[in-house]
Amino acid sequence: MSLEQQPIVEIQNVTKQFGSLYAVDDVSLSIYPGEFFSLLGASGCGKTTLLRMLAGFETPSSGRILIDGQDITDLPPYKRPINMMFQSYALFPHMSVADNIAFGLKQDKMPKAERDARVQEMLQLVQIEKLAKRKPHQLSGGQRQRVALARALAKHPKILLLDEPLGALDKKLREQTQFELVNLQERLGITFIVVTHDQEEAMTMSSRIALLREGRVVQVDAPRRLYEYPNCTYSADFIGTINLLDAEVVSQDEDLVTLKTDAFEQPLQVFHGQPLIADMNVTVAVRPEKIRVVQSCQAGAANQIQGVIKEIAYLGDVSIYHVELASGKRVQFTQSNIQALAEQPLSWEDKVCLTWQADACTLLLE
Ligand code: ATP
């Protein structure tokens, strides 16, 4: 994706009201050709409503939707260069796999020979040639998902909308299918717009993610930026695990900010480019993997805290440690289990000193 390109989809100040509820509230987004773009957010935040407006199944209460610079807000679904794969797959139970895939092509009156060739192409694309004659009830969940995908791609849409495409699959199959879906999208070069509430899934698959909350866009960024540079506590907390420390600005020396917190006595230090006001209440966010254990804490040193290990969760490759500070506040850190073996293993009730670099944490204003 190049941001110098023209967006393929422009959502301009789109709002959708159901009575007094703002399901989507003044959302503006630009999506570029060939992107794997995810709409991510908790249940009820308006992801599906936004997707349905793109498909044409819902009409915005206000705002416009453009595709390739053309206003399609009032176009019916079948006139849009878009197709949608539904969460439930919505396969026709009485039709064979091949007939399910051919359905939209038949409606478009595509000649039989061309249609058969297209169905064959789609069966090959998602690797289910051998299942062409089966009915949906004779398929596994993963196979049904492939049929739904093949059907949604059969018309060669410019844009494919996918509502929780992996939601019905078990964890193992979901992880495997994530890579297949990205691979397929890259090969076809079609713009995918995907709804998901699963942040790991969004992080694995997407070129960019729009994080939504209560109908509004919180942050739009590439997965790595969303993780490394959350723009607010909601974003920070939604993506992965993070320690959030309420703090008060003490001073700022160029970009280096010194803060105090009620959670512990030592000062906090963090880099922040924008000018801040003394006594301002902010949040300092530190990812668990940025925290290291050191031999002992130095009195008055910044970003060093002492506590007691109260919980250890073993996850195979890493362990998560919950450390309780004297104030009662808990902080989490992770350590690779290989590293833990090489060093002295940590155990429950151990007193530890934790530290992190000023450039390994983020200052958040809201
Ligand atoms: P989920 O992940 O649970 O599917 P979502 O983020 O996709 O949630 P939406 O389905 O878009 O959320 O719903 C957003 C809000 O709009 C919710 O509060 C929902 O109850 C409401 N809503 C959606 N469709 C309608 C409708 N047709 N009539 C009234 N309210 C609706």
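The values are calculated or read from the model by the stated rules, or taken from the named source; none is laboratory data. Predicted model only: the values in this text are computed from it and were never measured. Ideal geometry is used to build each Cβ from the backbone, glycine not excepted, and the neighbour counts take in all protein chains shown.
Taking segment 119-217 and the strands (runs of 3 or more DSSP E) fully enclosed by it, the elements with 1 or more residues that are charged (D, E, K, R) are at 159-163, 208-213. Please specify each residue of segment 150-179 satisfying the condition of being more than 24 Å from residue 108 (Cα to Cα), hydrophobic (A, V, I, L, M, F, W, C) and buried (at least 20 other Cβ atoms within 10 Å of the Cβ). Selection gives 166 alone.
Does at least one position in segment 296-317 carry a residue that is touching a Phe, Trp or Tyr at 6+ places or on another chain (Cβ under 7 Å), at positive phi and outside the structural domain of residue 231 (by the TED database)? For segment 296-317, residues touching a Phe, Trp or Tyr at 6+ places or on another chain (Cβ under 7 Å), at positive phi and outside the structural domain of residue 231 (by the TED database): present.
Taking first residues from segment 120-142 that are farther than 17 Å from residue 153 by Cα and partners that are among the hydroxyl-bearing types (Ser, Thr, Tyr) and surrounded by 12 or more Cβ atoms within 10 Å (Cβ to Cβ), the Cβ contacts under 7 Å between residues at least 6 apart in sequence or on separate chains come to 133/96; 134/96; 135/96.
Whenever a residue of segment 10-25 is within 15 Å of residue 48 (Cα to Cα), its partners that are within 10 Å of the ligand (Cβ to nearest atom) and among the basic types (Lys, Arg), lying with C-beta atoms within less than 8 angstrom and at least six residues away or across chains, give the pairs 22/16; 23/16; 24/16.
Annotation note: of 291, 320, 305, 312, the sole residue that is in contact with a His (Cβ under 8 Å, 6 or more places away or on another chain), aliphatic (A, V, I, L, M) and surrounded by 13 or more Cβ atoms within 10 Å (Cβ to Cβ) is 312. The residue that is farthest from the ligand (Cβ to nearest atom), among those in segment 60-74 that are farther than 25 Å from residue 164 by Cβ and of a type in the set (Gly, Ala, Ser), is 69. Being of a type in the set (Ser, Thr, Tyr) and either exposed (fewer than 12 other Cβ atoms within 10 Å of the Cβ) or without any contact (Cβ under 8 Å) to a residue 40 or more places away in the chain (or both) is the filter here; which residues of segment 323-342 pass it? Answer for segment 323-342, where residues must be of a type in the set (Ser, Thr, Tyr) and either exposed (fewer than 12 other Cβ atoms within 10 Å of the Cβ) or without any contact (Cβ under 8 Å) to a residue 40 or more places away in the chain (or both): just 336.
Residue by residue, here is whether (1) near the ligand (Cβ under 7 Å from one of its atoms); (2) out of contact with any strand residue (DSSP E or B) (no Cβ under 8 Å at 6 or more places or on another chain); (3) of a type in the set (Asp, Glu) holds:
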| site | (1), (2), (3) |
| --- | --- |
| 15 | no, no, no |
| 18 | yes, yes, no |
| 29 | no, no, no |
| 54 | no, no, no |
| 58 | no, no, yes |
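For segment 179-187, the criterion of being modelled with pLDDT of 90 or more, closer than 23 Å to residue 91 by Cα and more than 16 Å from the ligand (Cβ to nearest atom) is met by at least one residue.
Matching residues to (1) in the same structural domain as residue 152 (by the TED database); (2) surrounded by fewer than 20 Cβ atoms within 10 Å (Cβ to Cβ); (3) within 23 Å of residue 122 (Cα to Cα):
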| position | (1), (2), (3) |
| --- | --- |
| 18 | yes, yes, no |
| 23 | yes, no, no |
| 26 | yes, yes, no |
| 37 | yes, no, yes |
| 53 | yes, no, no |
| 60 | yes, no, no |
| 70 | yes, yes, no |
| 75 | yes, yes, no |
| 97 | yes, no, yes |
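Whether any residue in segment 140-162 is modelled with pLDDT of 85 or more, within 16 Å of the ligand (Cβ to nearest atom) and in contact with a helix residue (DSSP H, G or I) (Cβ under 8 Å, 6 or more places away or on another chain) is what I want to check. Within segment 140-162 (the criterion being modelled with pLDDT of 85 or more, within 16 Å of the ligand (Cβ to nearest atom) and in contact with a helix residue (DSSP H, G or I) (Cβ under 8 Å, 6 or more places away or on another chain)), the answer is yes, since at least one residue qualifies. Beta carbons closer than 6 Å, at least 6 apart along the sequence or on distinct chains, never pair a first residue in segment 44-63 that is in contact (Cβ under 8 Å) with a residue 60 or more places away in the chain with a second that is aromatic (Phe, Trp, Tyr) and within 6 Å of the ligand (Cβ to nearest atom).
The condition of being assigned by the TED database to the domain that holds residue 68, under 15 Å from the mean Cα position of the chain (by Cα) and surrounded by 24 or more Cβ atoms within 10 Å (Cβ to Cβ) holds for only one of 182, 147, 194, that being 194.
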